[in-house]
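Report on one structure; see the data block that follows.
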Amino acid sequence: MKIFLNVVLVILIFLAVSSGITKIMLMQQDVAFFSPYGFTNPILIGFGVTQLLGGVLLAIPKTRVVGAVIVALTFIISAVILVMAGSIPMAVVTIICTLLLGFVIKR
């Protein structure tokens, strides 16, 4: 079970950090996707910084729970926007990742 938790943790850290970096860099796909929902460039950068910070905190054992909560909140926001955009398969994947973060929080 410990190996499973570590693999899940590495995947979640990678997803949070990479997702945060793409938003901070204002990648065209992220800007185009989030802008119709009121995300201006500064808000998108702030959202990315929050995801990146959560991913970094998730990697540190003493701050893992706080990081998991932060990343889970950003993933929930993303999932809601994905549903609003009609991208249900990606929303389901995001919700699964959020549930896995809940598993990390409980451990």
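Where residues in the stretch 14-39 are hydroxyl-bearing (Ser, Thr, Tyr) and within 22 Å of VAL56 (Cβ to Cβ), which of them is surrounded by the most Cβ atoms within 10 Å (Cβ to Cβ)?
SER19
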In the stretch 34-89, which residues are small (Gly, Ala, Ser) and not in a helix (DSSP H, G or I)? GLY38, GLY86, SER87
Checking PHE75 against (1) over 15 Å from LEU100 (Cα atoms); (2) modelled with pLDDT of 95 or more, which single condition isn't satisfied? (1)
What about PHE14, is it on the phi < 0 side of the Ramachandran plot and outside any helix (DSSP H, G or I)? no
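The values are calculated or read from the model by the stated rules, or taken from the named source; none is laboratory data. These numbers were taken from a predicted model, which means no experiment stands behind them. Cβ coordinates were reconstructed from backbone atoms using ideal geometry, including for glycine residues, and neighbour counts include every protein chain displayed.
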